[in-house]
Amino acid sequence: MRKKRVVITGLGCICSIGNNVPQFWHNIKESTIGIDRIKAFDVSTFPVTTAAEVDIENNEDLKAAFKAFGYRNKGHFLGYYAVMEAFKDAGLHNNEKLTENTGISLGASSIYPSRESMAMASRFAATNKTWVDNIPEQEKRTKEEFLDDLILFNRNTDTIVRKIVKDLKLKGPAYTLQTACASSGNSIGNAYRSILHGEADIMITGGCDAMVNYLGMSAFIHLKALSTTRDPYRASIPFDVNRNGFVMGEGAGVIVLEERTHALKRGVPILGEITGYGTSNNAYRITDSSLDGKTIALSMERAIHDAGINKKEIGYICAHGTSTIQNDFTESTALRMVFGDLLDNIRINSIKHCVGHTISASGAISAINTILSIKEGCVTPMKNIERIDPECRLNIPRTLEYCDLNAAMVNTLGFGGQNVSLVFKKFE
Amino acid sequence: MNNQSEYEAVISGIGIVSPLGSDKQMVWENICRKKTGIRKAVHDDLCFNSGVPFISPVDYMHEFKKLNNRKNKRFMRRNVLFFLEALNLAIEDAKIGKQVADNHQDIAIITTCGDAGTDFRLFLPSVLRSIDEKSGTREVNMKIFGSRGLALLDPYFLIYDLLNSANCFAAIEHGINGDSNNFIMSGGAGFHSVKAGWEVIKSGKTKIAITGVTESLLNSAEMQYLYRRFGYPGKAVNGDNAIIPYSDEKEGLFFGEGAVVLILEEYNHAKNRGAHVYGKIHSYATCVDLNPELFSGDAGGEGVMRCLKKCLDMHEDDKKNVTPSLVITAGMALKNEDDGELHALKHLFHDTPGIHYATFKPNFGYIGPVSDVLEFVIGLLAMKKEQVPPVKNLGNKARGMNFNVSDKEYTASINDVLSLAKGLGGINSALFVRKI
């Protein structure tokens, strides 16, 4: 059976260096660092002080959009915002006929309880009464407000997908995925397969996350995964010999995938093609991967095999590159295992030096960067890298490099051992 | 989405952990005896303080094999332990222990984990020590939290709280490196992992895919939220009549917990090794209702109809040609969901004779995505045994439910099973399997 082809017809992005794709692309080409001292809460007594936040409070448009969004979940709001951009970019708005066989596959964020919810929990803990009974009379709110607080305990990860489906009237399949940092990579892979297997003509896919809150940060502080560098410019330095952890980021990346003939028929601009998806499980430990990199290599090999291309065709790899000592070493080892000496000629970078680690969104934002890199024929620089770790030995551009790219790969590796690789090609 | 590939996928192993037991035959017999796993919540239950009167728990965790020998047990939530137990049972049932050991790099593992709510007990000790008593709000003070509370936080709460942990721990326990993915949704999404496993087999990427679903949401925070959001039937006096789907007299559901693992296998691979085959996957579909309410389904049934039509690849003019022998309905016991389901089923099948119906929420309670696959498994067993199981709490009193249901089990020729799953907020999925 001849394999269908799946193309990209829309993009949407919001992160610390841009509220839309053009802003993001401009700033990533400039290697603009979107990392700063945390504003969301007082970090004066915290060992980690930097993050790549999306500043909603100081942007009137975003503030109004967040208010209108309907419920208090920043990660979900960012996802919704990026979906709207991608939906419009793909020319799907104001056309109900197109949503007939359009679906969604989204890697959605985890939610940790807010300070207000924790205050409620602490009251609850003090007695054997139910939560409602524990709220003093003068503080009692309406039922809806009370449920809004409780929803933060019930993570309802899929609420964002239901909201998007209902608002955009999508009649195709709807999926929510969560494989930690690999979520959006898996969601793109799932969407790609949905189209290949005839489940939908168009799939809106990607991921969203916002974990710059006190509990989200604390989780990774305890695992000693976050960078303790206080200088925002040098906090996230993937593959640099002086790296000491990742910087938490917030954002969303959304891609519209479409069956090739369907896209050609409606005459929408085609931005690129996805040709390969590979995934594997480390089956090693929940918190880290084996240093030999074998299972990460397995996921890359599977994606290349799925794409049906020769390794020589890969001209650029957007690495997971978190800036932790172990991840960058293991990923480099895996890259060398897969590409051997070819690796010396493949340009490699990680966008996390600019946007931090956006967890469930990281694979999708990397994919957007990769699609645009192939389209414009360039590889974006990592200006804040001073000395590449000799144990990583990667060809990392420090200035914007123009080159003819036919195919490129994105790696995204998840906590718990989930690895995803995606192959994108120039559309011809 | 239907089966048009050179590779076909069959179900060759089942493992379940349910409120009615983990032995398939025992669960089947319990269903035939119209037993329920729903019981009154008691003081020792985690959710007791939520005020929820009835739950459908797994009360026999102490019987799990290997439970006490598991490494890292302290990082595993109940849903992870359920999943690992169900996985062992499925591997045993499919007799693929050696295959898993020898081909661990190629075996896929795809899961749907229920979105079990945050267990606030993980944070509470640290939070209670970080409250600014002077403020009067009992809110967490960030300065105090950073200097004192942070150190009191369980250093491994992230692992305990990880939404894909069932998938990861299962992969670690069996050394599985193949295609890996994890869906996270409420009810209606149980079939998503089956779909993804089916795709991997159809495309020839693997011969065996482990697919499964797990949920344990019986903690007080989750129960507070779900019951206040969706309500529960005040008239229930005991577990036996706690859930009555399609009823005019009462509405609402009670929650349970459990896990199900299905071993999917490429048909010729299963045939060549002489595996027992429960059924062949024929088609699958999923979608969401388009009514604007985020937390309830469409009473009109348009979404259910769309889902069923896609699953059966139906068109208006050929609907009479589709005759599933047995339809497993969702029967959520929520007004909008039940109305929508009844409308859709009547519209699609009302004039089609010979279809048998069954529904199992009164037996198991509502277990989020686990319900979908657990109820489907009962359908598979019915197909194997050529017996239609009895339906509890339904009979002819149910609202508009004039379908072919019985309160006693009976013999019938069942060649295929269509299982319909619904989740809170209008998620629909359908899976259609046929006898080999």
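If you go through segment B:137-168 and keep only what is more than 7 Å from chain A (Cβ to nearest Cβ) and among the aromatic types (Phe, Trp, Tyr), you end up with B:156, B:160.
Scanning segment A:232-242 turns up at least one residue that is touching a Lys or Arg at 6+ places or on another chain (Cβ under 7 Å), aliphatic (A, V, I, L, M), touching a residue at least 12 places away in the same chain (Cβ under 8 Å) and more than 14 Å from every other protein chain (Cβ to nearest Cβ). The single condition from (1) closer than 30 Å to residue B:203 by Cα; (2) within 18 Å of the chain's Cα centre (by Cα); (3) away from chain B (no Cβ under 13 Å) that residue A:261 fails is (2). Going by what's in this entry, would residue B:208 be described as touching an Asp or Glu at 6+ places or on another chain (Cβ under 7 Å), hydrophobic (A, V, I, L, M, F, W, C) and either more than 7 Å from every other protein chain (Cβ to nearest Cβ) or over 22 Å from residue B:425 (Cβ atoms) (or both)? In short, yes. Only residues that are within 19 Å of the chain's Cα centre (by Cα), of a type in the set (S, T, N, Q) and more than 13 Å from residue A:290 (Cα to Cα) were counted in segment A:313-348, giving 3.
Among the conditions (1) crowded, with 20+ Cβ neighbours inside 10 Å; (2) over 23 Å from residue B:230 (Cβ atoms), residue B:313 misses just one, which is (1).
Yes or no: segment B:322-338 includes at least one residue that is out of contact with any Leu (no Cβ under 8 Å at 6 or more places or on another chain) and more than 23 Å from residue B:248 (Cβ to Cβ). Checking segment B:322-338: at least one residue is out of contact with any Leu (no Cβ under 8 Å at 6 or more places or on another chain) and more than 23 Å from residue B:248 (Cβ to Cβ). When the residues of segment A:62-78 are filtered to those that are touching a residue at least 12 places away in the same chain (Cβ under 8 Å) and not small (Gly, Ala, Ser), the one that is nearest to residue A:158 (Cα to Cα) is A:76.
Of these, A:3, A:74, A:67, which one is closer than 15 Å to residue A:358 by Cβ and charged (D, E, K, R)? Please lay out each step first, then the result.
Values: A:3 fails: closer than 15 Å to residue A:358 by Cβ; A:67 fails: closer than 15 Å to residue A:358 by Cβ.
The unique qualifying residue is A:74.
Apart from one condition, residue B:275 fits all of (1) away from chain A (no Cβ under 14 Å); (2) touching a strand residue (DSSP E or B) at 6+ places or on another chain (Cβ under 6 Å); (3) buried (at least 24 other Cβ atoms within 10 Å of the Cβ); (4) not in a strand (DSSP E or B); the exception is (3). Considering the conditions (1) within 14 Å of chain A (Cβ to nearest Cβ); (2) among the basic types (Lys, Arg); (3) more than 25 Å from residue B:189 (Cα to Cα), residue B:385 is excluded by exactly one of them, (1). Could you count how many residues in segment B:24-41 are in a loop (DSSP other than H, G, I, E, B) and either touching a residue at least 40 places away in the same chain (Cβ under 8 Å) or within 14 Å of another protein chain (Cβ to nearest Cβ) (or both)? Summing the residues that are in a loop (DSSP other than H, G, I, E, B) and either touching a residue at least 40 places away in the same chain (Cβ under 8 Å) or within 14 Å of another protein chain (Cβ to nearest Cβ) (or both) in segment B:24-41 gives 6. Residue count for segment A:180-202, restricted to those that are within 8 Å of chain B (Cβ to nearest Cβ) and either among the aliphatic types (A, V, I, L, M) or farther than 13 Å from residue B:192 by Cβ (or both): 5. When the criteria are applied in full, residue A:18 fails the requirement of being more than 14 Å from residue A:365 (Cβ to Cβ) and under 17 Å from the mean Cα position of the chain (by Cα). Cβ separations smaller than 6 Å between residues 6+ apart or across chains give the following pairs from segment A:283-297 residues that are within 11 Å of chain B (Cβ to nearest Cβ) and touching a residue at least 60 places away in the same chain (Cβ under 8 Å) to residues that are surrounded by fewer than 22 Cβ atoms within 10 Å (Cβ to Cβ) and small (Gly, Ala, Ser): A:283/B:175; A:284/A:290. Residue pairs whose Cβ atoms lie under 7 Å apart, separated by 6 or more positions or on different chains, with the first residue in segment A:17-45 and in the same structural domain as residue A:227 (by TED's automatic domain parsing) and over 17 Å from residue A:55 (Cβ atoms) and the second of a type in the set (A, V, I, L, M) and part of a loop (DSSP other than H, G, I, E, B), are A:28/A:17; A:28/A:351; A:29/A:400; A:31/A:382.
Mind checking which residues of segment B:347-374 are within 24 Å of the chain's Cα centre (by Cα) and more than 24 Å from residue B:258 (Cα to Cα)? Quick ask: steps written out before the conclusion?
First, pick out the residues of segment B:347-374 that are within 24 Å of the chain's Cα centre (by Cα): B:355-374.
Result: B:355, B:356.
Is one or more of the residues making up segment B:105-113 charged (D, E, K, R) and modelled with pLDDT under 90? No, the conditions are met nowhere in segment B:105-113.
Identify all residues within segment A:379-428 that are under 17 Å from residue A:347 (Cβ atoms), within 14 Å of another protein chain (Cβ to nearest Cβ) and out of contact with any Gly (no Cβ under 9 Å at 6 or more places or on another chain); write none if there are none. Across segment A:379-428, there are no qualifying residues.
Can you confirm whether residue A:409 is aliphatic (A, V, I, L, M), outside any helix (DSSP H, G or I) and within 17 Å of the chain's Cα centre (by Cα)?
Numbers: aliphatic (A, V, I, L, M): yes; outside any helix (DSSP H, G or I): yes; within 17 Å of the chain's Cα centre (by Cα): yes.
Yes, satisfied.
If you go through segment B:193-230 and keep only what is within 26 Å of residue B:257 (Cβ to Cβ), of a type in the set (Val, Ile, Thr) and assigned to a helix (DSSP H, G or I), you end up with just B:194.
The values are calculated or read from the model by the stated rules, or taken from the named source; none is laboratory data. Keep in mind it's a predicted model, so treat the numbers as computed, not measured. Neighbour counts run over all protein chains shown; Cβ positions are idealised from the backbone, glycine included.
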